[in-house]
Amino acid sequence: MLALRLARRLTTRRLHAFAVSGATPPHQIASLLDEHGVVVIDDFLTTELDRVATTLLEKTNEAMALTEGVPLGVGSRDSFEEVVLRSPHRYDVPAPFAAFSEGDLAKCRAVAEATLGADCKEAFCGIVLSKPGAPAQGWHADSRHDSAEHQSAKILNVLIALDDACADYESGPTEFVPRSHV
């Protein structure tokens, strides 16, 4: 699993070895992903992220309202298609790829194709919502590994920080361990 992090506001603790500008060619991003397992790309998206955030958060709030008062178990098996409880106060909510402009999706596809090959496919788009009081999430892989030996990437996760991903450590910022994919 490789993670591609697209960010507009990263303020602290960024490692410059794998931070690039949005103008970096897809093949160079793919090379950095292969080497480090994570790349931070500043100003990659052209879409107005405030509009995207509003659209996605409205969808999330609608889905969360459906579960109000309904006890959810942790994991996909004990939750709903619309909302999955990942851990206390942390939820996954599916979201439409259409929230992003076709131009931004095309940029993401170009990086995915450079990393995974031309036959790669979009699999899932969603919001991870951590509410106040969510406990720290333990280190984990977002997908299973087929082998103990390093292999070519089969999955590319794209994280788009809709909020400043580093400023509010009480919200539990997402962290990556470079080279943990090898």
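Here the gap between Lys154 and Asp34, fully extended at 0.36 nm per residue and compared with their Cα-Cα distance, gives a gain of 42.1 nm. Computed 3J(HN,Hα) for the range 77-93, one whole-Hz value per residue from the Karplus formula 6.51 cos²θ - 1.76 cosθ + 1.60 where θ = phi - 60°, is 5, 10, 10, 10, 4, 7, 8, 10, 7, 8, 6, x, 6, 10, 10, 10, 10, glycine and proline marked x. When peptides 18-25, 102-109, 74-81 are ranked by their average number of other Cβ atoms within 10 Å per residue, the highest-first order is 102-109, 18-25, 74-81.
Solvent-accessible surface (1.4 Å probe) assigned to Ile160 amounts to roughly 40 Å².
The values are calculated or read from the model by the stated rules, or taken from the named source; none is laboratory data. Just so it is clear, the model here is predicted, and its values are computed rather than measured. All Cβ positions, even for glycine, are placed from backbone atoms using ideal geometry, and neighbour counts span all protein chains on display. Heavy atoms of the whole protein, side chains included, go into the accessibility calculation; ligands, DNA and RNA do not. Shrake-Rupley method; radii C 1.70, N 1.55, O 1.52, S 1.80 Å.
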